[in-house]
Amino acid sequence: MASLHGTVTAVELIARRMRRIRITATELRGQSWKPGQQVRVHAAAAAEPGHRGPRRTYSVWSYQDDTIELCVFDHGEAGPGSAWSRRIGVGQPVTFGRPEGKFVLRQGPYHLFAGEETASVAFGAMLRALPADVPAYGVVEVDTPEDRVPLPDSITWRFREGAPAASSRTLVDAVAKLTLPDEPGIAYLAGEARTIQMVRRHLVGDRNWPRGNVITKPFWSPGKTGMD
Ligand SMILES: Cc1cc2nc3c(=O)[nH]c(=O)nc-3n(C[C@H](O)[C@H](O)[C@H](O)COP(=O)(O)OP(=O)(O)OC[C@H]3O[C@@H](n4cnc5c(N)ncnc54)[C@H](O)[C@@H]3O)c2cc1C
């Protein structure tokens, strides 16, 4: 990974457990980025020469000129990524990779988004990039209303109220309740690995969508670390 070097220029809690971290880096000027793409951040607690340390992947919430914003969900378990987001402050250096990834918008008659807190970051960037005349639908499941990040009104919110985000039947049920056009659109499913497989099975099995119309990206799973 060719590394870029930036400085944190703002940190703001934009939802109960979501920190938006603004990073400015001259090297970001002229890089290519598509909404939905992510960067890999060096999340080591202390910079040791020659030691790469743990890296964690975060979707880019916004990208302008020499500045990107990432939004990191504080999931409450021990992990270098969430610890990094709590620790990092304005003026501190950040090392990260160039924007990458295939979880990006495709051509389709309409777009469907489903996931939880972690997925809402990529969804925000993708939804903002959609032309106004292209319909969008979606469900984002978060723990409480205070966990919502700013997303367009096309997104329906569902609240877990303490239930686990993993293997979430309630997210599948909420997607099943959506009134969608008769023809398949393009679906973007991200977040907890087993939940998105369940939503995928619903779209392909119950709604008869072609597999190729369902784009999935597992972001995390209980007991696994640093999925990419
Ligand atoms: C392409 C991609 C894009 C991503 N974009 C974002 C993003 O924009 N924002 C974001 O916050 N994360 C995002 N993630 C997830 C992120 O990379 C980390 O996995 C996450 O921050 C956890 O890292 P950690 O080091 O804190 O915990 P880890 O060491 O990776 O995991 C420790 C344990 O914590 C638990 N855990 C991890 N995540 C959660 C969770 N969300 N809820 C409940 N328990 C959890 C699991 O049991 C896990 O075994 C993305 C992942 C990928 C692959």
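Once the range 54-89 is narrowed to residues that are free of Cβ contacts under 8 Å to residues at least 12 places away in the same chain and over 17 Å from the mean Cα position of the chain (by Cα), the residue that is farthest from the ligand (Cβ to nearest atom) is 64. The conditions of being over 14 Å from the mean Cα position of the chain (by Cα) and more than 11 Å from the ligand (Cβ to nearest atom) are met by residue 93. When 173, 182 are checked against the criterion of being on the phi < 0 side of the Ramachandran plot, loosely packed, with under 15 Cβ neighbours inside 10 Å and outside any loop (DSSP other than H, G, I, E, B), 173 stands alone in meeting it. Among the residues making up the range 194-207, those that are open to solvent by less than 20 Å² (accessible area, probe 1.4 Å) and either within 11 Å of the ligand (Cβ to nearest atom) or over 15 Å from residue 116 (Cα atoms) (or both) are 195, 202, 203.
How about the range 208-226: which of its residues are loosely packed, with under 14 Cβ neighbours inside 10 Å and either within 16 Å of the ligand (Cβ to nearest atom) or of a type in the set (Lys, Arg) (or both)?
211, 222, 223, 224, 225
Could you tell me whether residue 30 is small (Gly, Ala, Ser) and open to solvent by 60 Å² or more (accessible area, probe 1.4 Å)? Spelling it out, residue 30 is indeed small (Gly, Ala, Ser) and open to solvent by 60 Å² or more (accessible area, probe 1.4 Å). Entry remark, the range 113-141: residues being in contact (Cβ under 8 Å) with a residue 60 or more places away in the chain and of a type outside the set (Ser, Thr, Tyr) number 14 in total. Of the strands (runs of 3 or more DSSP E) lying entirely inside the range 69-152, those containing at least 1 residues that are open to solvent by 30 Å² or more (accessible area, probe 1.4 Å) and closer than 17 Å to residue 196 by Cβ are 136-142. A Cβ distance below 6 Å, combined with a sequence gap of six or more or placement on separate chains, defines the contacts here; from the range 203-228, residues that are closer than 14 Å to residue 183 by Cα reach residues that are of a type in the set (D, E, K, R) and more than 11 Å from the ligand (Cβ to nearest atom) in the pairs 204/211; 214/200. For the range 56-78, residues that are modelled with pLDDT under 95 and either on the phi > 0 side of the Ramachandran plot or not acidic (Asp, Glu) (or both) total 2.
The values are calculated or read from the model by the stated rules, or taken from the named source; none is laboratory data. Source: prediction; values computed, not measured. Positions of Cβ are generated from backbone atoms using ideal geometry, with glycine treated the same way; all protein chains shown enter the neighbour counts. Quick note on the areas: whole protein, heavy atoms, side chains included, nothing else; ligands and nucleic acids left out. Shrake-Rupley method; radii C 1.70, N 1.55, O 1.52, S 1.80 Å.
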